[in-house]
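Written below as structure tokens is the structure these notes are about.
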Amino acid sequence: MARTLITSALPYINGIKHLGNLVGSQLPADLYARYRRARGDEVLFLCATDEHGTPAEIAAQKAGKPVAEYCAELHDVQAEIAKGFRLSFDHFGRSSSEQNRKLTQHLAKRLFEEGLIEEVEETQVYSETDGRFLPDRYIEGTCPNCGYDSARGDQCDNCTKQLDPTDLINPHSTISGATDLEERKTKHLYLKQSKMRDALNDWIDSKADWPILTTSIAKKWLNDGDGLQDRGITRDLSWGVPVQKGDAPWEGMEGKVFYVWFDAPIEYIACGGEWAEKHGLDDAAWERWWRTDKGADDVRYVQFMGKDNVPFHTLSFPVTMLGSNEPWKMVDYIKSFNYLNYDGGQFSTSRGRGVFMDQALSILPADYWRWWLLSHAPESSDSEFTWENFQASVNKDLADVLGNFVSRITKFCRSKFSEAVPEGGSYGEQEAALIKDLTEKVAEYQSHMDAIDVRKGANALRAIWVAGNEYLQSAAPWATFKEDPDKAAAQVRLGLNLIGLYARLSSPFIPDTCGKLQTALALPDLDWPEDVEAALNALAPGHGFAVPDNLFAKISDEQREEWQEKFAGTRS
Ligand SMILES: [Zn+2]
């Protein structure tokens with residue numbers, strides 16, 4: 001049995017994510033996990049909240065709560081919303097877990113032993129007004145690379161360049177706005193990324209099948225003079241993984257924690273440990289996914305992320321993994337995404353612009369969103385959510401094509417025959433042609449899903465739905481019935497079997513709808529239809545069914561206008 005390990009970029013803890021975040025990692029990762037499971041793979045699908053760092057501290061302060069308590073609450077909120085979107089994680093962990101603390105401290109020790117971590121006495125920005133050293137994100141200023149005036153101390157949001165706070169022009173404290181910043185001496189650990197340049201280059205070169213978006217970003221940062229700078233991996237904070245050498249203290253590093261970007265990706269592995277613990281399994285259970293010396297060498301590991309996360313996943317995290325000189329499972333394929341924009345601008349968390357995950361579920365069921373987001377995934381370029389497009393897509397693809405097909409065939413069968421697959425007649429030329437056509441279309445759909453071409457997969461699935469509709473339109477059993485009831489029975493039989501085929505093929509995209517179809521048609525399972533002809537004969541005459549409730553409600557113009565206004569800005 002093929003084994004597939006899937007991770008989604010970890011959503012940050014400080015609040016509910018918007019639909020752009022969702023379609024950039026967790027949702028396509030779920031699509032692929034569901035597809036691989038349906039094809040019979042053994043799948044381990046992991047995700048977690050990324051909980052350390054200053055933004056969590058700031059958010060907790062704003063909420064008036066201790067940061068640990070704040071993170072625990074927000075983790076539960078995000079987990080609940082993920083369930084609402086039917087994200088089928090095998091485990092949704094936390095980067096603040098015991099497993100991640102231990103593994104992060106262990107890997108730091110290994111990297112130090114391998115000569116890849118250096119202790120550096122350095123100057124750091126100290127704010128007299130605030131009475132503390134300022135971590136990167138507490139400092140903003142002008143980007144020396146592109147001139148953007150709100151670059152953060154760790155990264156410029158405009159040009160994505162990784163920065164150090166001292167690189168900024170005209171820096172100020174984001175806590176107080178103070179500009180009386182001065183540099184003072186303190187000790188920190190540096191990850192010697194530059195030493196790994198050749199190893200990284202060879203490793204990236206070995207990935208000939210990666211998407212261009214992934215490889216181009218990786219190569220850009222690898223070969224850019226500053227892209228692979230040695231990075232400080234410790235911070236003066238209290239919330240985070242305490243700096244230790246494995247189980248032992250690290251002299252001179254008391255009171256410091258690892259930088260969130262060092263420990264967050266390690267949580268991918270630690271999350272496997274959390275999963276095993278939750279299910280009462282031993283270490284061997286997760287190690288067979290993560291250690292090539294313990295069974296993981298036949299695992300295919302796929303990561304999903306937005307393009308802004310690519311440098312960390314192609315350079316920094318691989319430095320940790322390769323540099324540890326331990327047999328960790330390395331990623332085989334990185335699927336990265338461009339950005340989803342919102343109605344003529346950008347989604348904005350700070351301004352509440354756009355649709356956030358909880359709001360989306362409060363107005364429509366998950367499948368509506370899953371279908372639109374996945375069929376418009378920002379793969380080859382950025383894409384844009386507009387309410388007009390969303391309305392058109394839902395009304396046409398889901399309501400007119402799929403929903404209407406199911407409704408017509410089941411209701412017609414009930415009125416002319418009964419609520420059971422009718423007997424009589426047999427498939428003729430027209431049906432044979434449809435089966436041949438669908439066999440090709442299903443093969444095409446599979447090839448896109450195998451390649452994780454999300455939009456192409458959605459288009460191919462839609463074409464399969466359309467083919468059924470066109471058949472029904474042209475076979476017209478309601479007309480045939482008057483002349484030749486046996487022939488009409490065979491047409492309806494095929495139609496009902498088509499619904500079964502759709503339920504199986506569509507479940508990675510719209511799992512709730514497919515669950516409803518499974519119940520209505522009393523399908524024993526949603527196994528993948530490896531043989532389309534066999535699948536279209538699976539429901540035998542006499543097999544009972546129930547006409548399902550209307551699968552999709554159309555979005556009216558009034559609703560569209562109301563939502564357009566509601567989500568224009570300032571989330572209430
Ligand atoms: Zn910049």
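The values are calculated or read from the model by the stated rules, or taken from the named source; none is laboratory data. Model, not experiment: these values are computed from the prediction. Cβ sites come from the backbone with ideal geometry, for glycine too, and all protein chains shown count toward neighbours. These area figures cover heavy atoms from the full protein model, side chains too; ligands, DNA and RNA do not enter into them. Shrake-Rupley method; radii C 1.70, N 1.55, O 1.52, S 1.80 Å.
Assorted remarks:
- Candidate set from region 281-332 (those that are in contact (Cβ under 8 Å) with a residue 12 or more places away in the chain and of a type in the set (G, A, S)); member that is nearest to G20 (Cα to Cα): G306
- Qualifying residue in region 235-245 (condition: under 23 Å from D308 (Cα atoms) and within 28 Å of the chain's Cα centre (by Cα)): yes
- Any chance F417 is open to solvent by less than 30 Å² (accessible area, probe 1.4 Å) and out of contact with any His (no Cβ under 8 Å at 6 or more places or on another chain): no
- The helices (runs of 4 or more DSSP H) found wholly in region 257-370 and carrying at least 2 residues that are of a type in the set (D, E), crowded, with 16+ Cβ neighbours inside 10 Å and at pLDDT 95 or above occupy 266-278.
- Exactly one residue among R101, R137 is out of contact with any Ser or Thr (no Cβ under 8 Å at 6 or more places or on another chain) and buried (at least 19 other Cβ atoms within 10 Å of the Cβ), and that residue is R101.
- Helices (runs of 4 or more DSSP H) contained in region 441-513 and holding at least 2 residues without any contact (Cβ under 8 Å) to a residue 12 or more places away in the chain and surrounded by fewer than 22 Cβ atoms within 10 Å (Cβ to Cβ): 454-475, 477-483
- Criterion applied to T174, T214, T166, T234 was being surrounded by fewer than 17 Cβ atoms within 10 Å (Cβ to Cβ) and either more than 26 Å from T349 (Cβ to Cβ) or not assigned by the TED database to the domain that holds A285 (or both), and the one residue passing it is T166.
- Candidates D30, D76 - the one that is open to solvent by 10 Å² or more (accessible area, probe 1.4 Å), in a helix (DSSP H, G or I), at pLDDT 95 or above and under 29 Å from S362 (Cα atoms): D76
- Within region 163-181, no residue satisfies the criterion of being within 10 Å of the ligand (Cβ to nearest atom) and either touching a helix residue (DSSP H, G or I) at 6+ places or on another chain (Cβ under 7 Å) or in a strand (DSSP E or B) (or both).
- Filtered residues of region 125-156 (kept if in a strand (DSSP E or B), of a type in the set (V, I, T) and more than 10 Å from the ligand (Cβ to nearest atom)): V125, I139
- Checking I175 against (1) β-branched (V, I, T); (2) touching a Phe, Trp or Tyr at 6+ places or on another chain (Cβ under 7 Å); (3) free of Cβ contacts under 8 Å to residues at least 40 places away in the same chain, the condition it does not meet: (3)
- From the list R197, R184, the lone residue that is over 28 Å from the mean Cα position of the chain (by Cα) and assigned to a strand (DSSP E or B) is R184.
- Every pair of residues 6+ apart whose Cβ atoms lie under 7 Å, when the first sits in region 45-57 and is assigned by the TED database to the domain that holds W286 while the second is assigned to a strand (DSSP E or B) and open to solvent by 10 Å² or more (accessible area, probe 1.4 Å): L46/H91; C47/F92; A48/F92; A48/R94; T49/R94; D50/Y12; E51/R94; P55/Y12
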